[in-house]
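The values are calculated or read from the model by the stated rules, or taken from the named source; none is laboratory data. None of these values were measured; they are calculated from a predicted model. Cβ: placed from backbone, ideal geometry, glycine included. Neighbour counts: every protein chain shown. These accessible areas exclude ligands, DNA and RNA; they are computed on the full protein's heavy atoms, side chains included. Shrake-Rupley method; radii C 1.70, N 1.55, O 1.52, S 1.80 Å.
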Amino acid sequence: AALAPAVARAFVRWRRMRAISRGRDAATNAWAEVRDTARDHGWLAPETETAREFASRLAMVLPDSSDRITGFRGHVEATAYGPPDAASLSLPELRAVRRAIAGSVSPRERMRAVFLPASMLARVRFDPDA
């Protein structure tokens, strides 16, 4: 039971990666994965923030990865708003952005992100009246 959040998060990530590799709603899945990865590592990543705004903020805080983040954001936008064959999102690009986010925090915070992912825990709503 203690590993349930980690297993659930791994399943969500796997499902998104699979959808991206098959070209199903790739931009939405890729950006949702980046946003959830950021949340898991303690970043504020509101749903109201656009991919461009969030990527700009990430690039400022992670200057060593700014080109990678900006390029990935460009592919997300091209996939979402361009013609069907405009650009393709690559899983290695997504993994590189996820690694950059994970590398921005301490090892302890990375462990918390794996075993108590905020993106999964936020989905659980406790109703005190239930």
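Could you size up the charge dipole of the stretch 30-76 around its Cα centre, putting +1 on the beta carbon of Lys and Arg and -1 on that of Asp and Glu, and report it in debye to the nearest 20?
For this selection, approximately 100 debye.
Please label the shape of the stretch 36-97 as rounded, prolate or oblate, based on the square roots a ≥ b ≥ c of the eigenvalues of the alpha-carbon gyration tensor (a/c under 1.5 means rounded; beyond that, a/b larger than b/c means prolate, else oblate).
On the way: a/c = 1.83, a/b = 1.50, b/c = 1.23.
Prolate, since a/c reaches 1.5 and a/b exceeds b/c.
For the chain, set up a Gaussian network in which alpha carbons nearer than 10 Å are linked by springs, and say which option among Trp14, Trp31, Trp43 fluctuates the most.
Trp14
Based on the Cβ-Cβ distance from Met111 to Asp64, what FRET efficiency comes out when R0 is 25 Å, to the nearest 0.05?
Efficiency, rounded to the nearest 0.05: 0.65.
With every protein chain left in place, what is the accessible area of Ser119 in Å² (1.4 Å probe, nearest 10)?
10
Using a probe radius of 1.4 Å on heavy atoms only, what accessible surface per residue do you get for the chain? Whole Å² is fine.
It amounts to 60 Å² per residue over the chain.
Top to bottom by accessible area (1.4 Å), largest first, where do Leu62, Leu121 land?
Largest to smallest exposure gives the sequence Leu121, Leu62.
Rounded to the nearest percent, how much of the accessible area of the stretch 25-79 (1.4 Å probe, protein heavy atoms only) is carbon and sulfur?
On the way: 1370 of 2550 Å².
With neighbouring chains kept in place, the figure for the stretch 25-79 is 54 percent.
Working from Cα positions, state the angle (0 to 90°, nearest 10) between the long axis of helix 51-61 and the longest principal axis of the chain.
80
Using the Karplus equation 6.51 cos²θ - 1.76 cosθ + 1.60 (θ = phi - 60°), what ³J(HN,Hα) coupling, rounded to whole Hz, does each residue of the stretch 21-35 give in order, writing x for Gly and Pro?
5, 8, x, 8, 6, 4, 5, 5, 5, 5, 6, 4, 5, 5, 4
Only Cα pairs under 8 Å and at least 6 apart count here; give the relative contact order of the chain as a rounded whole percent.
Details: 127 pairs, mean separation 47.4, N = 130.
Reported relative contact order: 36 percent.
Helix 91-102 versus the longest principal axis of the chain: what angle, 0 to 90°, nearest 10, using Cα atoms?
Roughly 50 degrees between the two axes.
Excluding Gly103 itself, what net charge comes from residues whose Cβ is under 13 Å from its Cβ, given Lys and Arg +1 and Asp and Glu -1? Please report the intermediate quantities before stating the final value.
Details: positive: Arg68, Arg95, Arg98, Arg99, Arg110; negative: Asp64, Glu109.
With Lys, Arg at +1 and Asp, Glu at -1, the neighbours total +3.
Counting Lys and Arg as +1 and Asp and Glu as -1, each charge on the Cβ, what is the dipole of the stretch 48-101 about the Cα centre in debye, to the nearest 20? Intermediate values should be presented prior to the final figure.
Numbers: 7 positive and 7 negative charges, 42 e Å.
With Lys and Arg at +1 and Asp and Glu at -1, about 200 debye.
Picking from Ile20, Ala8, Thr37, whose Cα lies most toward the positive end of the charge dipole for the stretch 1-40 (charges on Cβ: Lys, Arg +1; Asp, Glu -1)?
It is Ile20.
So, with +1 on the Cβ of K and R and -1 on the Cβ of D and E, and no other charges, what is the size of the charge dipole of the chain about its Cα centre, to the nearest 20 debye?
Numbers: 21 positive and 15 negative charges, 99 e Å.
In debye, rounded to 20, the chain gives about 480.
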